[in-house]
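To start, the structure under review is shown below, and the notes come after it.
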Amino acid sequence: MRIAYLECFSGMSGDMFMGALIDAGISPQLLQGTVAAMGLSARLEISRVLRSGISATKVDVWVEGEKDLPREEYWAKQNVARALSPAISQREHDHHHDHNHSSEVSGSRAGVPAPHEHSHGRGLTEICEIIGRAAISETSKKTAIAIFEALGTAEAKIHDSSIEKVHFHEVGAVDAMVDIVCAAVGAEALGIDEIVCSPLNVGGGTVQCAHGTFPVPAPATVELLKEAPVYSSGLQAELVTPTGAAIVKILADRFAAFPEMKIEKSGYGAGTREFAGHPNVVRLTVGEAASTLAAKTASETVTVLEANLDDLNPQVFGYVMDRLLEEGALDAFVVPVQMKKNRPGALLTVLCKPADASKLAQLIFTETTTLGVRRREEVRQALARRWESVSTEWGEVRIKIASMNGTVTNYAPEYEDCRRIAAEHHVPLKTVMQEASRLYQGKDEKP
C-alpha cells in the first residue's frame, strides 16, 4: 500500500502543504493550472527558500496584486493603516459588527476587510459552485468541498450560527479556495492509498482575529482539530491555521508516529516566518507501507451489491451508474442476463467499501425498479497504484501507474484528462492518449 506521512512539527497551513506537494514531485504546472481553472483573480508564486538551513519550496498566493501574509503581519499592517486613517478604522469597525458571522480563516486577510475589499463576502454555496465549475476531477471537487464544509461548520458553531450564514471575506475566500482546491488536486495526484499525519504543533501565545484577541490555537482551529493529537513546543506564534486544520481533518486517514515504510521521496513546504533554531516547514514523505512490501499485491475487503433488473428504462442505467460512482462506489457495471419467463434483463453489480454499502444499496432502491439487493463481502487483490503527470503540448495529463513489488506492470492516461483536452483543443482523443503514453514512456526510460 502506498502511503504519505505528513509531519506537522512546525504546524500546518495551506501554502505550506502546497509547497510540500511540489517539493515531493507534484508538477507546479498542475497547481497553477488548478488556480486558472477556477477563474479567480489569483496566482501562485513558487520559490526555493531556506528555513533554519533546510531547503524547502515556498508557495505564495497573490490575490488582486497582494501577497498572502501571516495573520499577525496582516493585523500589524491594518493597525498602522487605522492609526493613519481613523475614519477608515471606524468604517471597518462598523462593517465588522454588521457582519459578525464572517469567517476568520487563516488567510491573512481574513477578518475585518481592508479598505479596498468589497463589503460582502462569499457564502459556502457560491464557493461550492465555483469549485463545481472548475476543470478538475470529480474526486478533487468532492474533497475540496468537504474541506470547505468542515471549515464552515467549525465557524458556524463558534459563532452560534448556521453554515449557510457563514461568509468568507472577498479576498480571504480566494486565498482559502486556492489553498484548499490545490490541496485536494495535489493529494489526488500523489496516487496514494492513505495519508498518515503526525501530532500537530499548534504554537502558543495569542493571535488577533476579527472578533478580538484569542489564545493560540484560534477557536476555529480548536474545533477542527477535535480528536486529533496536538501539542505546543513553546513557540509563541500561530502555527496551525484554520485552513491547514481543515485540510488535515479531511485528508488525514489517521494520526500516528512515523510509519514503517520504504521511502520513495519527500518534500518540504516552507512557511513565511523564520524561527531561530526551528525550521518552519512541513514535511511530506511518500513510500510503500512495510506491511505490503513483501506481498505481490495488497488485499482488502470489499462489499459486492447485486440487483437483477428486467423492467428499468434503459435510459436510466447511465444516470444510475454515474450516481453510484459519485457516491463512492469503487466500480459499477451492468451485464445482460436472461431472466425468468424468458425476459431479457440486466445484472447490476457494484463494488464498494463496506462502510458505503448501506448508502449505495439505498441509492439502488431509490433509483431503480428492483425489489431486492443482494449483498456479500469478498476479498480482492489489488496492485499498488499511483499517479504521475506528463505535459503534452495541449496541457497536463495524469498517468495511472500500477506496480507490483516496485515494478511497473501497467500504465494508462487518465481518460477524463484526455477527453477534456481533446474537446478544448479539437484534437482526436486517440491522438491525445497516444501522445501522453509516449511522453510517459520517454520519461520512464530516462536514466
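The charge dipole of the stretch 127-232, taken about the Cα centre with unit charges on the Cβ atoms of Lys, Arg (+1) and Asp, Glu (-1), comes to about 120 debye, rounded to the nearest 20. Amide H contacts for residue 389 (H built 1.01 Å from N in the peptide plane; partners 5 or more residues away or on another chain; cut-off under 5 Å): 399.
Here the peptides 130-139, 392-401 are ranked by packing, the mean other Cβ count within 10 Å, and the order with the highest first is 392-401, 130-139. Averaging the Cα positions of each part gives two centres, and for the stretch 10-56 and the stretch 137-210 these lie 16 Å apart.
Dipole size of the stretch 259-339 about its Cα centre, with +1 on Lys/Arg Cβ and -1 on Asp/Glu Cβ: approximately 640 debye, rounded to the nearest 20. One quarter of the convex hull surface built on the alpha carbon atoms of the stretch 210-261 amounts to 4.6 nm², the projected area averaged over directions. In terms of its C-alpha gyration tensor, the stretch 397-441 comes out prolate, because a/c is 1.5 or above and the ratio a/b outweighs b/c.
Positive end of the dipole of the stretch 321-411 (Cβ unit charges, origin at the Cα centre): among 325, 391, 344, the Cα lying farthest that way belongs to 344. Ordered from longest to shortest, the equivalent ellipsoid semi-axes for the stretch 293-366 are 27, 15, 10 Å, each the square root of 5 times a Cα gyration tensor eigenvalue.
Given +1 at the Cβ of Lys and Arg, -1 at the Cβ of Asp and Glu and no other charges, the dipole of the stretch 227-270 around its Cα centre is 100 debye to the nearest 20.
A short reminder: the numbers here are calculations on the coordinates, not readings from a lab. Nothing here was measured: the structure is a model prediction, and the numbers come from that model. Here the Cβ is made from the backbone with ideal geometry for all residues, glycine too, and neighbour counts use every protein chain on show.
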